[in-house]
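Working notes, structure below.
The values are calculated or read from the model by the stated rules, or taken from the named source; none is laboratory data. Keep in mind the model is a prediction, meaning the values are calculated, not measured. Cβ atoms come from the backbone with ideal geometry, glycine included; neighbour counts cover every protein chain shown. For the accessible areas, the whole protein counts, side chains as well, though only heavy atoms, and no ligand, DNA or RNA atoms are used. Shrake-Rupley method; radii C 1.70, N 1.55, O 1.52, S 1.80 Å.
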Amino acid sequence: MNIGDSEVRHVLVAKTCGCKASGRVAYSFVDTYHTLCLARKDIIIAELEACERLLKYGDELERQIIEKEINDLKWTLDLMA
């Protein structure tokens, strides 16, 4: 059974973790039911959207980490196309 609609608008939530100098972006699924029927490209797009939402709330060092992650995700999507 595939679920067509969900109460949750976003599939993933992003947050920064690690020390500021070598920080990374971590993701967590919001709605676990959709994790069974997502393709790789859909997950990467959801990661990109989560990073763009997170970009609004970060300080300058976090912004650099998030912008690097966004560039990497866009590059990955270009390779998949």
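Here are a few things to note about the model shown:
- The residue of segment 9-21 that is modelled with the lowest pLDDT, among those that are touching a helix residue (DSSP H, G or I) at 6+ places or on another chain (Cβ under 9 Å) and surrounded by fewer than 17 Cβ atoms within 10 Å (Cβ to Cβ), is Lys20.
- Identity of the residue in segment 44-79, under 16 Å from Tyr27 (Cβ atoms) and in contact (Cβ under 8 Å) with a residue 40 or more places away in the chain, that ends up most open to solvent (accessible area, probe 1.4 Å): Arg53
- Residues of segment 22-31 classified as at pLDDT below 85, open to solvent by 60 Å² or more (accessible area, probe 1.4 Å) and under 15 Å from the mean Cα position of the chain (by Cα), total: 2
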